[in-house]
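Only one structure is covered here, and it is reproduced in the block below.
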Amino acid sequence: MAGRLEDKTALILGAGSVGEGIGNGRAIAMLFAREGARLVGVDARQAAADETAGLVAKEGGEMLALEGDVTDEATLKRLVATAQARLGRIDILVNNVGGSIPGGPEEIEPEQWHAQFHHNLHYVYLSTRLVAPIMVAQRGGSIVNLSSVAGMRHLGNDLVAYAAAKAALVKFSQMVAVRYAPHGVRCNVVTPGLMNTPLVAARLAGQQAGGDVAAIVAKRNAKPPMGRMGEAIDVAYAALYLASHEAKYTTGAEIVVDGGLTLTVR
Ligand SMILES: NC(=O)c1ccc[n+]([C@@H]2O[C@H](COP(=O)([O-])OP(=O)(O)OC[C@H]3O[C@@H](n4cnc5c(N)ncnc54)[C@H](O)[C@@H]3O)[C@@H](O)[C@H]2O)c1
C-alpha cells in the first residue's frame, strides 16, 4: 500500500525536540517520513535537527536537517529557498515552533510579550508569506499550524502572551485558508492539549513545579477526562490527516487533540 504522503514533500519548522525523546515536531517528521514524504526539517539547534534526521532515516525516509532561527526573516528566506531547491516543490509546510512563558500582564515584560508573539505567531506570518506563493504556483499545498488549548481557555496557569498568540494563530490560519482556497492551498490547525513531550521535564517542571518532574506529570495527567496526557504521536496523526490528500476538502479547520480536556470545567 502506498504511503499516505507518497510523492509529497514537507518543510517542517521546529523539527527537533527541546529535550531527550520525541516532541510534536519530531513525531510529525518521523510519521511523515514513514508515510512516504521527503523532508526538510529546520531547528534552532543543529544537533536537535540532526537527531530527528537520524530517526527519520530509521523510518526509511530522508530529511535534510537545517539550522536557523525561524523568527528572523532573512534566515527564513534562506531556509525556504534551500528547502525548495532540495525538494523541488513544497507540498506541506508545518509551523511547529512555539512555546510558552508563564505570567499575566503585570509579570510579563514588554520585550517578553513581543518575543512570545514572534515565537508563536509572527514567524508563521513570515513563513506563510514565503511559502504560500510557491504553493499557488504549484496549484496546491497544505499548511499545518500548531496552536494550543491554552489559546482556548485558562487551564490553571497564567500564560497571557502565549494564550493570546495561539488564539490569534487560529484566526490567522482561517484567514489564510480563505485567501488561498481558490488556489488549492489549504491551511489548518492542530491544537494539542496537555501532551507528555520532552518539554514537560525540560521546561514546564521548572516553570510550574519547582523542578519536580513527577509532580508536574501527575498534575497534568489528572486534568484530561481520559486521565492522562497525550503523546506526540497523537498530534502527529492529526497533522498527517490535514497534510494528506484525504483532507482535500478541509481548510480553515482546527483539530483539538486533548483527551476531552477543553470540554470539562475542572
Ligand atoms: N508539548 C505540549 O504539551 C504542547 C501543548 C500544546 C501546544 N504545543 C505546541 O506544540 C509545538 C511544539 O511542540 P514540541 O513538542 O515539538 O516542542 P519542542 O519544544 O520539543 O520542539 C520545538 C523545537 O523548535 C525549536 N525552536 C525553538 N525556537 C526556534 C526558532 N526560533 N527557530 C527554529 N527552531 C526553534 C526547538 O529547538 C525545538 O527543537 C509548539 O507550537 C507548542 O506551542 C505543545
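We did not get these values from a lab; they are worked out from the coordinates using the rules stated. These numbers come from a predicted model, not from an experiment. So basically every Cβ, Gly included, is an ideal-geometry build from the backbone, and we count neighbours across all protein chains shown.
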Handout entry: Charge tally in the Cβ shell below 11 Å around Leu5, where Lys, Arg are +1 and Asp, Glu are -1, Leu5 excluded
Key = -1
Problem - Positive-pole candidate from Thr251, Asn157, Leu93, dipole of the chain, charges at beta carbon - result: Thr251
Completion exercise
Any residue on another chain or 5+ positions along whose placed amide H is under 5 Å from the amide H of Met195 is listed here as Gly230
Exercise for the section: For region 12-22, just list the computed ³J(HN,Hα) in residue order, Karplus coefficients 6.51, -1.76 and 1.60, θ = phi - 60°, integers in Hz, with x standing in for Gly and Pro. Expected result: 10, 9, x, 8, x, 8, 5, x, 4, x, 10
Handout entry: Positive minus negative residues near Leu242 (Lys, Arg vs Asp, Glu; Cβ under 12 Å)
Key = +1
Problem - Of Glu231, Glu73, Glu111, the one that fluctuates the most in a GNM where the chain has Cα springs shorter than 10 Å - result: Glu111
Completion exercise
The lysines whose Cα lies under 25 Å from the Cα of Lys171, excluding any fewer than 8 residues away in the same chain, are Lys77, Lys248
Practice task
Enumerate the calculated ³J(HN,Hα) couplings along region 196-203 in order (Karplus 6.51 cos²θ - 1.76 cosθ + 1.60, θ = phi - 60°), each rounded to whole Hz, writing x wherever the residue is Gly or Pro.
Solution key: 8, 10, x, 4, 4, 6, 5, 10
Fill in the blank from the handout: Going residue by residue through region 59-69, the Karplus relation 6.51 cos²θ - 1.76 cosθ + 1.60 with θ = phi - 60° gives ³J(HN,Hα) values, rounded to whole Hz and with x marking Gly or Pro, of 7, x, x, 9, 9, 7, 9, 10, 9, x, 8
